[in-house]
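Before any comments, here is the structure.
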Amino acid sequence: MRKKALYPGSFDPFTNGHLDIIKKAAALFDEIHIVIGINSAKRRRFSAESMKDAIEKALAERGITNCIVSIHDGLVAAFAKDNRIRYMIRGLRNNMDYNYEENIAEINKLIYPGMEYIYFRAEHVALSSSMVKELLNYGQDVSKYVPPAVLECITQTP
Ligand code: ADP
């Protein structure tokens with residue numbers, strides 16, 4: 001049986017931090033489902049469709065071939081349950097990430113009790129999507145923080 005894992009996030013935008021976690025996970029699992037979650041409470045800066053294309057290009061640029069990128073509007077745990085994906089991948093930058101994830105994990109476990117969380121230690125501990133957006137607001141160069149395909153996508157978005 002193919003070992004599948006889920007890596008959900010807003011990815012608004014997708015950063016080198018996310019790519020780092022995917023590289024680690026893609027070496028362990030047969031198939032990684034990267035899910036761009038649409039959250040009605042959070043207005044996106046970059047469209048989910050354009051970010052999906054950019055993530056696919058970024059993975060191809062790195063030769064990562066065992067990932068499927070999709071957009072999902074709804075509960076991530078329900079997506080995992082419906083698609084029988086037991087393993088949930090998360091990246092941890094610090095204890096705040098850990099506390100946040102543990103709270104969500106409790107809720108997700110109620111929806112899908114079979115779910116297992118796998119935490120990967122981040123290499124880019126100070127990097128976040130919000131930081132990239134803030135730098136862009138001030139016209140700063142963010143090429144060190146995002147893959148080239150994402151840079152192209154975000155510099156085309158007004
Ligand atoms: P959300 O906005 O829904 O929290 P994100 O797209 O910011 O989603 O993050 C998705 C996942 O990626 C989370 O597990 C988060 O901790 C992780 N992550 C975010 N930035 C980094 C980073 N720089 N290094 C490693 N993991 C990260």
Quiz item: Karplus couplings for the stretch 30-45 from phi (6.51 cos²θ - 1.76 cosθ + 1.60, θ = phi - 60°), rounded to Hz, Gly and Pro as x?
Solution: 6, 9, 10, 9, 8, 10, 7, x, 9, 10, 4, 7, 10, 7, 7, 8
Quiz item: What is the extension gain from Thr65 to Val125, computed as 0.36 nm multiplied by their sequence separation minus the C-alpha to C-alpha distance, in nm to one decimal?
Solution: 19.0 nm
Exercise. Starting from the Cα gyration tensor of the stretch 1-83, take the square roots of the eigenvalues, sort them a ≥ b ≥ c, and report rounded, prolate or oblate (rounded when a/c is under 1.5, otherwise prolate if a/b is larger than b/c, else oblate).
Key: oblate
Quiz item: Label Arg86 and Tyr100 with points 7 Å out from Cα along Cα→Cβ: what is the distance between them in nm?
Solution: 2.8 nm
Quiz item: How much of the accessible area of the stretch 98-158, in percent, comes from carbon and sulfur atoms when a 1.4 Å probe is used?
Solution: 54 percent
Quiz item: Counting only heavy atoms of protein chains, what accessible area per residue, in Å², does the chain have with a probe of 1.4 Å?
Solution: 57 Å²
Quiz item: Roughly how many debye, to the nearest 20, is the charge dipole of the stretch 14-125 about its Cα centre, given +1 on each Lys and Arg Cβ, -1 on each Asp and Glu Cβ, and no other charges?
Solution: 180 debye
Exercise. Would you mind classifying the stretch 103-153 by shape? Square roots of the alpha carbon gyration tensor eigenvalues, ordered a ≥ b ≥ c; an a/c under 1.5 is rounded, otherwise it is prolate if a/b is larger than b/c and oblate if not.
Key: prolate
Quiz item: ³J(HN,Hα) across the stretch 112-123 via Karplus (A = 6.51, B = -1.76, C = 1.60, θ = phi - 60°), whole Hz, x for Gly/Pro?
Solution: 9, x, x, 6, 10, 8, 10, 9, 10, 6, 6, 8
Exercise. Report the one residue of Phe11, Val142, Ile32 whose Cα lies farthest in the direction of the positive end of the charge dipole of the chain (charges on C-beta: Lys and Arg +1, Asp and Glu -1; origin at the Cα centre).
Key: Ile32
Self-check item: Tail weight of P(r) past 27 Å, computed on alpha-carbon pairs of the chain, percent
Solution: 19 percent
Quiz item: Using a cut-off of 20 Å between alpha-carbon atoms, which lysines can reach Lys109, once sequence neighbours fewer than 8 places away in the same chain are excluded?
Solution: Lys3, Lys4, Lys81
Exercise. Quickly estimate the mean residue ellipticity at 222 nm for the chain, helices only: each DSSP H run with n ≥ 4 gives -39500 (n - 2.57), and the total goes over all residues, rounded to 500.
Key: -13000 deg cm²/dmol
Quiz item: Expressed as a rounded percentage, what relative contact order does the chain have, with Cα pairs under 8 Å and six or more residues apart?
Solution: 32 percent
Quiz prompt | Relative packing of peptides 16-22, 134-140, 96-102 - highest average C-beta neighbours within 10 Å first | solution = 16-22, 96-102, 134-140
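The values are calculated or read from the model by the stated rules, or taken from the named source; none is laboratory data. Quantities reported herein were computed from a predicted structural model and do not represent experimental measurements. Note: ideal-geometry Cβ built from the backbone for every residue, glycine included; neighbour counts use all protein chains shown. Note: accessible area is taken over every heavy atom of the protein model, side chains too, but ligands, DNA and RNA are not part of it. Shrake-Rupley method; radii C 1.70, N 1.55, O 1.52, S 1.80 Å.
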